[in-house]
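Shown next, in structure tokens, is the structure this report addresses.
The values are calculated or read from the model by the stated rules, or taken from the named source; none is laboratory data. Please read all numbers here as calculations on a predicted model, not as lab measurements. Here the Cβ is made from the backbone with ideal geometry for all residues, glycine too, and neighbour counts use every protein chain on show. Heads up: the accessible areas ignore ligands, DNA and RNA and are worked out on the full protein's heavy atoms, side chains in. Shrake-Rupley method; radii C 1.70, N 1.55, O 1.52, S 1.80 Å.
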Amino acid sequence: MLAKRTEAVSVKKGPKLGWDNQNFWVRLAKNVKRDYWLYLFILPTMIWYAVFCYAPMGGIITAFKKYTGFTSITEAPWVGLKWFEQFFASYYSTTVIRNTIIISLYSLATFILPIIFALLINEVVHERLKKTIQTIMYAPHFISMVVMVSILTLFFNGDYGLFNQLVKAMGGESHSYLTDPDAYRHLYVWSGVWQQLGWNSVIYVAALSAVDPGLHEAAALDGASRIQRIVHINIPTIMPTIVIMLIMRVGNIMSVGGDKAILMLNSLNAETAELIATYVYNRGLLAGDYGVGTAVGLFTNVINLIMLLTVNWISSKISETSLL
């Protein structure tokens, strides 16, 4: 009797889990019906991504066609890898790739600064002072890039810049930093640090708010100093957030530039200021070589994807924290 009961239990199958348990679309319909207001809340974001991120992906085929803008993309003749070969065979390819990598790595070296700022602001006990500092540091993020470059011009332009006026008042000589190739990278990176430091620290401040106060109280009772509590409690708590943000930062290593790089570029600092972003703008839009511009943009995105997957895989092996 016991043997038969054991056999009956052993052949009994439990409920299937995962995708086979219930149809995905049925479950989705039930979720939408139950939490329709949440889906309405994210609907504008979904529409934005669909229109501005996913729909334009069809234009990638321009990198393999001779598109002039006078006909539709589908009617343009195929040219294969001609635009890729043309870019890599040109003199500018080495320059723009080297400049982009250098300034990207320079910017990546400042990745730790928002973390330090978040750790410091978290130690401010006076709540009103804390909010004031945060507001002051967040404000530059909302300055448009045109205004940002205009501020750099007012400070560092020729003899009339404020910084040069101070140098001359102290007996020094003025210098046009905006046209100096050696000064370009420093101006680009550190003006970005000033503008984005407070904003980039928001996610770390939010992560620090999840630290259990009881851990600090117990550590203080054991005689741990404030620095020791930061090192052994705060930093380990936000480490997963740091790793995720670092992975995403490395995944955009070839996408540095954009509006700021275009606005700061001039004929005198082009030696170091000519980046992939400015090359795509000048060649693809101003010169009308849409195929070349799309090919270079596709190349940078492929490199970014490879870097993202590589760093994500390394992180998953070392720290068990990853995007996937």
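Annotations for the structure displayed:
- Within segment 166-201, being farther than 30 Å from ILE242 by Cβ, assigned to a helix (DSSP H, G or I) and open to solvent by less than 80 Å² (accessible area, probe 1.4 Å) holds for VAL167, TYR177, LEU178, THR179, PRO181, ALA183.
- Residue satisfying condition, being in a loop (DSSP other than H, G, I, E, B), modelled with pLDDT of 85 or more and within 22 Å of ALA295 (Cα to Cα), within set GLY59, GLY80: GLY80
- Answer from GLY293, GLY284 - the residue that is without any contact (Cβ under 8 Å) to a residue 40 or more places away in the chain and surrounded by 21 or more Cβ atoms within 10 Å (Cβ to Cβ): GLY293
- A search for C-beta distances below 8 Å between a residue of segment 146-160 that is more than 18 Å from ARG185 (Cβ to Cβ) and any residue that is of a type in the set (Lys, Arg), counting only pairs 6+ apart in sequence or on different chains, returns ASP159/LYS168.
- Yes/no for ARG128 being free of Cβ contacts under 8 Å to residues at least 12 places away in the same chain, more than 28 Å from ILE253 (Cβ to Cβ) and open to solvent by 60 Å² or more (accessible area, probe 1.4 Å): yes
- First in segment 98-113 and within 17 Å of ASN200 (Cβ to Cβ) and in contact (Cβ under 8 Å) with a residue 60 or more places away in the chain, second anywhere and open to solvent by 60 Å² or more (accessible area, probe 1.4 Å) and of a type in the set (Phe, Trp, Tyr), Cβ under 9 Å, 6 or more apart: THR110/TRP190
- Of the helices (runs of 4 or more DSSP H) entirely within segment 246-324, those holding at least 2 residues that are in contact with a Gly (Cβ under 7 Å, 6 or more places away or on another chain) occupy 276-280, 290-318.
- Single residue of segment 202-215 satisfying the filter (assigned to a helix (DSSP H, G or I) and free of Cβ contacts under 8 Å to residues at least 12 places away in the same chain) that is nearest to LEU152 (Cα to Cα): ALA206
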